[in-house]
Amino acid sequence: MVGILNQVAVVTGAGRGIGHAIAVELGQLGAKVVLAARSRTELEATARLIGSSASVIRTDVRKKQELERLFEQVTTTLGPVDILVNAAAASSTLPPSPVRSVRPLALSTAPQNSALSVSPNPSPKRLESMEYACP
């Protein structure tokens, strides 16, 4: 398994559901986890479970300006994002990033600089378009 110790992970939708579960797991694996969602209360509860490696940034992912602020704040304070989990129920377009290849990734085998897009309510059509990207 590829280690993720001290890698910067941003998890949208981290206050509950699959985003919460993934954020907690990333924290237990040693990542620096940035928790993003609309509910500060839920994010803070998730952060308490993770501990000192968690950061809370209240973000409405439907608003492009808030997404830009999220990634600007993360890169300024923690450095480049190594892992991105988009588990928010509603989303806007994330800031563009170059992608050299698109292929399925398992969390336990994800290489550095991975992006994982997760749909909390997958329909058959959404499953066809779900992407796991490795820049």
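Looking at the range 44-65 only, could you name the residues that are surrounded by fewer than 17 Cβ atoms within 10 Å (Cβ to Cβ) and either of a type in the set (A, V, I, L, M) or assigned to a helix (DSSP H, G or I) (or both)?
E44, A45, R48, L49, K64, Q65
Residue check, V33 against (1) assigned to a loop (DSSP other than H, G, I, E, B); (2) modelled with pLDDT of 90 or more, all met but one. Which one?
(1)
Residues in the range 70-82: is at least one at pLDDT below 85, within 14 Å of A9 (Cα to Cα) and either in a strand (DSSP E or B) or not small (G, A, S) (or both)?
First pass over the range 70-82, keeping only residues at pLDDT below 85: none.
There is no residue in the range 70-82 that is at pLDDT below 85, within 14 Å of A9 (Cα to Cα) and either in a strand (DSSP E or B) or not small (G, A, S) (or both).
Condition test on T59, is it of a type outside the set (D, E, K, R), within 13 Å of V81 (Cβ to Cβ) and touching a strand residue (DSSP E or B) at 6+ places or on another chain (Cβ under 9 Å)?
no
For I18, all conditions in the list (1) at pLDDT below 95; (2) more than 10 Å from V85 (Cβ to Cβ) hold save one; what is the number of the exception?
Going through (1) at pLDDT below 95; (2) more than 10 Å from V85 (Cβ to Cβ) one by one, I18 breaks only (2).
The values are calculated or read from the model by the stated rules, or taken from the named source; none is laboratory data. Computed from a prediction, not measured in an experiment: that's the story for all the values here. Backbone-built Cβ (ideal geometry, glycine too); neighbour counts: all protein chains shown.
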